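What follows is a single structure, written as structure tokens, with notes after it.
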Amino acid sequence: GAGVSQSPRYKVAKRGQDVALRCDPISGHVSLFWYQQALGQGPEFLTYFQNEAQLDKSGLPSDRFFAERPEGSVSTLKIQRTQQEDSAVYLCASSLVYSQTSTDTQYFGPGTRLTVL
Amino acid sequence: AQSVTQPDIHITVSEGASLELRCNYSYGATPYLFWYVQSPGQGLQLLLKYFSGDTLVQGIKGFEAEFKRSQSSFNLRKPSVHWSDAAEYFCAVVPATSGTYKYIFGTGTRLKVLA
């Protein structure tokens, strides 16, 4: 079946621009996660959705970062007024179960590489 | 603080040689453990996972990992490496408590395979 897809795969933004990154999770997956992967580092947790509810946004680095999943499927990560330190690969992952009550495998998309000039 | 350590940033092996990638964690209790592989331009692909039971876990592509509680380790092994195994490998842990979903990743080990 189809895996997690993300678009665009690459995004170049000028400092100060707003960007929107899209994630299509595996159909039927309840839980959705966003991670940020800086160059040479492992992914770091940003936020977690259970269906349309954003249950944890503790990893979002600033109030310029905003994520939504209005219908419980597709999710968008928005970064306002981008800064150079926002340059990273943004990974989306989904999981079948309610991740608040059970730990299950997270399936990752290919990521969006954001470069802020 | 909870942490995951992958001590080797880069590893180079010859094709056909055996491979072991190290992963150590620091937690009070046994966490759930994962190994993922990331090829250039690709997302993370799950190789194997350990939740409980047999401490030797078999995964895809001929990989296996052994959980050693006494050493807080979950090392990844492969008896004979193929050129296509060249990639970056990430160990991840999740504390084994209900409601925990934040994967904590190591910094990765980049594997180079010599022909």
Convex hull volume per residue for chain B, taking Cα atoms only, in Å³: 102
Global size of chain A as Cα Rg and Dmax, reported in angstrom: 13.4, 41
Under 27 Å from the Cα of residue B:61 - lysines, other chains or at least 8 residues apart: B:49, B:78, B:102, B:112
Amide hydrogen neighbours beyond the local backbone of residue A:13, cut-off 5 Å, H modeled: A:115, A:116, A:117
Inter-centroid distance (Cα atoms) of region A:41-85 relative to region B:1-34, Å: 28
Loop GluC sites (Glu not before Pro), region A:17-75, which have at most 10 other Cβ atoms in a 10 Å radius of their Cβ (DSSP): A:71
FRET efficiency, residue A:81 to residue B:83 (Cβ-Cβ, R0 45 Å, nearest 0.05): 0.55
Whole-number percent relative contact order across region A:5-112, with pairs defined as alpha carbons under 8 Å at least 6 apart: 35
Radius 12 Å from Cβ of residue B:66, net charge of other residues (Lys, Arg +1; Asp, Glu -1): +1
Cβ-based net charge around residue A:94, under 13 Å, with every Lys or Arg adding one and every Asp or Glu removing one: -1
Listed residue (B:73, B:13, B:37) projecting farthest to the positive dipole end of chain B, Cβ model: B:73
Cα→Cβ-extended label distance, 7 Å offset, between residue B:110 and residue B:55, nm: 3.3
Members of region A:30-47 that become less accessible by 50 Å² or more once partner protein chains are added (1.4 angstrom probe, chain alone as reference): A:43
Two-decimal Rg to Rh for the protein assembly as shown - Kirkwood Rh, Cα set: 0.97
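The values are calculated or read from the model by the stated rules, or taken from the named source; none is laboratory data. Everything numeric in this text was worked out from a predicted model, so none of it was measured. All Cβ positions, even for glycine, are placed from backbone atoms using ideal geometry, and neighbour counts span all protein chains on display. Only protein heavy atoms, including side chains, enter the accessible area calculation; ligands, DNA and RNA are left aside. Shrake-Rupley method; radii C 1.70, N 1.55, O 1.52, S 1.80 Å.
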